[in-house]
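What follows is one structure encoded as structure tokens, with my remarks underneath.
Nothing in this text is a laboratory measurement; each read-out follows from the coordinates by a stated rule. A quick note: this is a predicted structure, and the numbers were derived from the prediction, not measured. No Cβ is skipped: glycine too gets one built from the backbone with ideal geometry, and neighbour counts run over all protein chains shown.
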Amino acid sequence: MERMKRVLSLPPPPMVLLFVAFTLLLLLPEEASATKWNVGDSKFWNPNINYTEWTKGKHFYIDDWLYFVYDRNQMSVLEVNKTDYESCNTNHPLVNWTRGAGRDVVPLNVTKTYYLVSGNGFCFSGMKVAVHVEKLPPPPKASPIKSGASTLFSSTGQILLMPLVFSIGAAWDAFIHFW
Ligand SMILES: *[C@@H]1O[C@H](CO)[C@@H](O)[C@H](O)[C@H]1NC(C)=O
Ligand SMILES: *[C@@H]1O[C@H](CO)[C@@H](O)[C@H](O)[C@H]1NC(C)=O
Ligand SMILES: *[C@@H]1O[C@H](CO)[C@@H](O)[C@H](O)[C@H]1NC(C)=O
Ligand SMILES: *[C@@H]1O[C@H](CO)[C@@H](O)[C@H](O)[C@H]1NC(C)=O
């Protein structure tokens, strides 16, 4: 009787864990098909950052997005060609991605190298990034056909295999980056 009572009065699993699991379930399929890259990570789109270093080791796939966060009164996001990227010439941008809020999204929907720079001379202070966009890699052979229960099981399995710290980090990261 005493033991039964204790079992029944156990607290519910921490809400944080439930939240993390739920967020991961929602975000994993999205993350698997498209990544929203926060350019510069915590340093955002600013002068005196080596964005070549930032792209190192990253794979940008078709339908990913670049997200630029910056001071809207000073910088901008312009797509230029290779020549103009190298010389920081912003006189004839291919696309002006600047929308005015200091929060711009560039959809990487073509397999090519995107050359993005800031206007107002900030390109010369390092605000330039070349992003090579690749085709989606073929899905791993073991991956099951997308249908109901098997999909749910496989993603749950992945979640369970992930170290908890990474899970929380990834969920938080995805959450911040996505909104
Ligand atoms: C940025 O980093 C790349 C790769 O490490 C290097 O080749 C390049 O010289 C650096 N650029 C500047 C301006 O320091
Ligand atoms: C980039 O554009 C400039 C000006 O239109 C042109 O002179 C240059 O040849 C172009 N470079 C490439 C690689 O297309
Ligand atoms: C790009 O667009 C922004 C917002 O419309 C505008 O303020 C800016 O002058 C444009 N820059 C260039 C180089 O066209
Ligand atoms: C890529 O996205 C841009 C901007 O949304 C759009 O103008 C363009 O047509 C798209 N290109 C392809 C190949 O989907």
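The aspartates and glutamates whose alpha-carbon is closer than 19 Å to the alpha-carbon of Lys36, local same-chain residues fewer than 8 away aside, are Glu53, Asp63, Asp64, Glu79, Asp104, Glu134, Asp173. Footprinting exposure proxy ranking of Thr55, Thr83, Thr90, Thr111, fewest other C-beta atoms within 10 angstrom first, gives Thr83, Thr111, Thr55, Thr90.
Taking every alpha-carbon pair under 8 Å whose residues sit at least 6 apart, segment 34-137 reaches a relative contact order of 34 percent. Running Debye on segment 34-137 with equal point scatterers at the Cα sites and no solvent, what base-10 log of I(q)/I(0) appears at q = 0.11, 0.16, 0.21 Å⁻¹? Here the Debye-derived log intensity ratios amount to -0.28, -0.61, -1.11.
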